[in-house]
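Working notes for the structure below.
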Amino acid sequence: MRELPLDSLHDEALTKTVGVLVAVGRWAAEEHVPADLADNCPYLPTSTYEPTSGAFVGFTLAIASAQAIAVLVVLPMMWRQATQLTPIVVDADIDAFRRADAPAARAQLAYLDSLTFMRAVKNQSALGQRTMLKVEILYEAKDGSVFSESVQRDIRAFEQSLRSLPGWAAMCNMSEPALQFHCNPGDSMGNYVWPRRLDAFLNTQGYFRLAFDGSALERLPMDAVIAYLSEGLAAPHDLRMFLPMTFVQPSSGSKLLRSVFGFSAPDLNDTTFRAAFQDFVQNELYSALLQAVVDTRKPVDPASWDQPPAIQIYFRGDVLDEHELLEALYSDMLLAIGPLFISLAVAWVKLRSAVLAFVGTLFLCLAALIAYVLLPVEQVSPATFLGIFLLFGLGFSSIFRMQEVWRRSRNEAKEDARRLMYVHRAAVREMLPVVGSACCYFLLLNSKLLPLREFGVFIGTSMLLACAFALLCFVPFLLLHERTMRPWIRRRLPRKLVMVLEPAELKPVWEDVAAKIMLAVKRPKPVLAGAGFAVAVALIVAVAVTASQPYPALPKVFPPEHHREAGRPMLQSFAPSTLAEEEAPLTIQMCEPGRGLASCALHWCDLESTPSNNLTSWPTSQAATCRCYSRAASSASCTNISLSLVVSGSRPAFLTQEVLHAQALSFASAEYSDATWMEVASATSRRLQSVVLEDWPSGTTQVDALTQLPQINLGFTTARRSSSTCEDSIYCYCSPKSCTTPSGFRRTQNDLTLPAQP
């Protein structure tokens, strides 16, 4: 048999239904009942009625026809449509709760979404147009700073464990080869903290090389790492990539640190790549990250040698956030099985029938499912899931009300048709509170928050459907249960099983309950005073808790201690992360000062032993004495000298250019006393890469800024080489610490003096 489409089935059913209703109307006008119809329809009266009973019979048959339509046509069709649904797509953007859906906000979102479609035809070779999936990990030091060695070791061990996952390696190999540096080694500060040495130390050319791959066992001093990242040669990496925006250099430390990893699609068609990444998140990545979060939150055991990591971990990322939200909703759904059985048990006690309780619960579940089918959204907000609790709380009242009305109908009529007539008349009054509550939820359509509007539509529609099911489907089932199912159960099943399935005789002795309540009321006043005191305390506590909220709380999927909620303010302290198309320099060289080498990431030297080594900088109230070194080559035969003067330390940054130039000219006049003239070639100084002064015995380091002052030209009177011109370089260390004498340099006869800070 050829299967008709769903729309064709719907049209055919409606056509037949209309024909049945027309025939029923004609038959009711003639006030007679065919014998075959009376024998097969339990809703029709079985006795003779008054001459005016034609309208009554017509109304009864109309109700019966509507019920038949609901049970036999609409319900199976909706069930078929619901079971053929695509998987529910949940909006994982929790910030949508805080985003107003006003015209201005919609225009902004439309503009932001349009940025991804700026090009009608994408370029296959443009890496920026590939899909890039990010994983961001935040680290918080439990004690002290993230710059401590213990914290950095824990971070390195954790990131190495991530990169060792089989799925991580597979996804990284699947990524675009030109962008695989985002996943191995990734955009992590640990790559700079643990660089691999390519040279043991300064070679004969005056430099040594480092490879920033994070694989070394010995770490680079943190002040050197911060200096390198802050001076621009690590672009596109900088301090804002790894540290909060509140970090100010120089700083003693930071509590937070961030690492970013990225996986890029190998081509413009990202369907296969995104599916593979989703499998990786579901099968490996999420469980590894979640286990790391649990491990970092273990309490310290004083009796154990194993100590928990010195960090706390927070993570987020593409696909990862959605999967975590779905995991939370799925676990809540599993936990909701318990309340569902409790509701079923309450309905079993209230309805005094396990069959009726099961059917009523099934109708409420179908109401929620059909409401989702009717909900005009592509992605379901987590707020919609909250409506399930209200549906089972308020929807059961419609089931209970119809069952109570059905019981009362026994006192109004004996015939089934008249009882049905009474039930449907009384349903208008009984269902009014529930329908009114459902309509109140539709007022949320005026909300500026889209999730609240979606929540209002869903719960309102669900409650109306629950009322419709209770009236059109549950009432016929009540009749079927009373006339057929209950007698069959009592005749065929054992008595004990009947008492479980149909506990009609299990009723509380209300007289005893009322007597005990009256006895408690007649007790002495202290009992009532204690009860009143307990109520007052509960009221005060409720008011205090409500007043302690600084603002009305919004719905939360995760508890406050969850890493996603606890990490939200920390994440907001960082600048937005972007994955660059070019790789940061992997190999760099550290140069000895005075060698004149190009492409130096930093300058590096050994600390000279001086009496002032215990100081980091000169007091601001006194002048700074600079130890200066010049080249050992003689310049006595030069008539003109171009002098390059480089000073270290923080003092030059606090002095004006005029003061610096005046002090430099005074020093040059003293050092070249036979010069006949001198002049400053330019008016500005420039920053060089900082110098790291390292004390090898203790391992301590200090980073000082290097400033190159404007070139100074000097003139001399020399008979032998009247036209010769020479160049000279002088390095002056203006902090209490200074480098050992550079190779090829000698100590100058005079010292440069910088005045106190203004």
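The values are calculated or read from the model by the stated rules, or taken from the named source; none is laboratory data. Being a predicted model, the structure only gives us computed values, none of them experimental. Positions of Cβ are generated from backbone atoms using ideal geometry, with glycine treated the same way; all protein chains shown enter the neighbour counts.
Report yes if P376 is under 26 Å from L326 (Cβ atoms), within 31 Å of the chain's Cα centre (by Cα), assigned by TED's automatic domain parsing to the domain that holds F474 and surrounded by fewer than 18 Cβ atoms within 10 Å (Cβ to Cβ), otherwise no. Yes, satisfied. From the list R686, R627, the lone residue that is over 48 Å from the mean Cα position of the chain (by Cα), closer than 30 Å to P221 by Cβ and among the basic types (K, R) is R627. Scoring K448 on the criteria (1) in contact with a strand residue (DSSP E or B) (Cβ under 7 Å, 6 or more places away or on another chain); (2) at pLDDT 85 or above leaves a single failure, condition (2).
Within segment 657-668, no residue that is more than 15 Å from E679 (Cβ to Cβ) sits with its Cβ atom under 6 Å from a residue that is in a helix (DSSP H, G or I) and of a type in the set (S, T, N, Q) at 6+ positions apart or across chains. Counting only helices (runs of 4 or more DSSP H) that fall entirely inside segment 439-499 and contain at least 2 residues that are among the charged types (D, E, K, R) and over 16 Å from R352 (Cα atoms), the qualifying elements are 450-469, 486-492.
In this structure, is G744 surrounded by fewer than 17 Cβ atoms within 10 Å (Cβ to Cβ) and either touching a Ser or Thr at 6+ places or on another chain (Cβ under 7 Å) or within 27 Å of G232 (Cβ to Cβ) (or both)? For G744, the condition - surrounded by fewer than 17 Cβ atoms within 10 Å (Cβ to Cβ) and either touching a Ser or Thr at 6+ places or on another chain (Cβ under 7 Å) or within 27 Å of G232 (Cβ to Cβ) (or both) - is not met. For the structure I just gave you, tell me whether R429 is surrounded by fewer than 18 Cβ atoms within 10 Å (Cβ to Cβ), in the same structural domain as Q403 (by TED's automatic domain parsing) and either at pLDDT 85 or above or not in a loop (DSSP other than H, G, I, E, B) (or both). Yes; evaluated as a whole, the condition is true for this residue. With respect to the conditions (1) surrounded by 16 or more Cβ atoms within 10 Å (Cβ to Cβ); (2) free of Cβ contacts under 8 Å to residues at least 12 places away in the same chain; (3) not aromatic (F, W, Y), L607 lacks only one, and its number is (2). Check segment 198-209 and report whether any residue there is in contact (Cβ under 8 Å) with a residue 40 or more places away in the chain and under 22 Å from the mean Cα position of the chain (by Cα). Looking for residues that are in contact (Cβ under 8 Å) with a residue 40 or more places away in the chain and under 22 Å from the mean Cα position of the chain (by Cα), one finds none in segment 198-209, hence no. Please enumerate the residues belonging to segment 204-235 that are part of a loop (DSSP other than H, G, I, E, B), more than 16 Å from T701 (Cβ to Cβ) and basic (K, R). Within segment 204-235, no residue meets the criteria. Given the structure, is V646 among the β-branched types (V, I, T), touching a helix residue (DSSP H, G or I) at 6+ places or on another chain (Cβ under 9 Å), assigned by TED's automatic domain parsing to the domain that holds C734 and at pLDDT 85 or above? Here the answer is no, as V646 does not meet what is asked. Is it the case that some residue within segment 306-317 is more than 21 Å from M402 (Cα to Cα), in contact with an Asp or Glu (Cβ under 6 Å, 6 or more places away or on another chain), buried (at least 16 other Cβ atoms within 10 Å of the Cβ) and of a type in the set (D, E, K, R)? Yes, the conditions are met somewhere in segment 306-317.
Residues are listed down the side, and each one gets a yes or a no for (1) more than 30 Å from Q589 (Cβ to Cβ); (2) of a type in the set (S, T, N, Q); (3) at pLDDT below 95:
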site	(1), (2), (3)
E231	no, no, yes
K255	yes, no, yes
D267	yes, no, yes
T271	yes, yes, yes
N283	yes, yes, yes
V293	yes, no, yes
R297	yes, no, yes
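This table checks each residue for (1) in the same structural domain as L643 (by TED's automatic domain parsing); (2) crowded, with 17+ Cβ neighbours inside 10 Å; (3) more than 23 Å from L607 (Cα to Cα); (4) in contact (Cβ under 8 Å) with a residue 40 or more places away in the chain.
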residue: S673; (1), (2), (3), (4): yes, no, yes, no
residue: T676; (1), (2), (3), (4): yes, no, yes, yes
residue: E679; (1), (2), (3), (4): yes, no, yes, no
residue: V692; (1), (2), (3), (4): yes, yes, no, yes
residue: D695; (1), (2), (3), (4): yes, no, no, yes
residue: D704; (1), (2), (3), (4): yes, yes, no, yes
residue: Q711; (1), (2), (3), (4): yes, no, yes, yes
residue: L714; (1), (2), (3), (4): yes, yes, yes, yes
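Pairs linking a residue in segment 299-311 that is touching a residue at least 60 places away in the same chain (Cβ under 8 Å) and closer than 15 Å to V151 by Cβ to a residue that is surrounded by 10 or more Cβ atoms within 10 Å (Cβ to Cβ) and among the basic types (K, R), with Cβ atoms under 8 Å and 6 or more positions apart or on different chains, are A310/K142; I311/K142. Considered as a group, the residues in segment 611-632 that are touching a strand residue (DSSP E or B) at 6+ places or on another chain (Cβ under 8 Å) and part of a loop (DSSP other than H, G, I, E, B) include one that is farthest from L706 (Cα to Cα), and that residue is A632.
For segment 698-714, the criterion of being among the charged types (D, E, K, R), within 50 Å of the chain's Cα centre (by Cα) and part of a loop (DSSP other than H, G, I, E, B) is satisfied by no residue at all.
Among the residues of segment 283-328, those that are more than 23 Å from L133 (Cα to Cα) and in a helix (DSSP H, G or I) comprise V294, D295, T296.
Listed here are the residues, each with its yes/no results for (1) surrounded by 14 or more Cβ atoms within 10 Å (Cβ to Cβ); (2) in the same structural domain as C739 (by TED's automatic domain parsing); (3) in contact with a helix residue (DSSP H, G or I) (Cβ under 6 Å, 6 or more places away or on another chain).
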| residue | (1), (2), (3) |
| --- | --- |
| F181 | yes, no, no |
| P185 | yes, no, yes |
| V193 | yes, no, yes |
| N203 | no, no, no |
| R209 | yes, no, no |
| M222 | yes, no, no |
| V225 | yes, no, yes |
| P236 | no, no, no |
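Just one of the listed residues (A354, A371) is touching a helix residue (DSSP H, G or I) at 6+ places or on another chain (Cβ under 6 Å), crowded, with 19+ Cβ neighbours inside 10 Å and not β-branched (V, I, T), and it is A371. Taken together, F201, F273 contain a single residue that is aromatic (F, W, Y) and not in a loop (DSSP other than H, G, I, E, B), which is F273. Checking the stated criteria, V475 turns out not to satisfy the condition of being without any contact (Cβ under 8 Å) to a residue 24 or more places away in the chain, surrounded by 17 or more Cβ atoms within 10 Å (Cβ to Cβ) and not charged (D, E, K, R). Selection of segment 436-465 for residues being over 14 Å from L391 (Cβ atoms) and aliphatic (A, V, I, L, M) yields L443, L444, L445, L449, L450, L452.
Per the listing A683, A675, A653, A705, the residue uniquely modelled with pLDDT under 85, of a type in the set (G, A, S) and closer than 27 Å to S599 by Cβ is A653.
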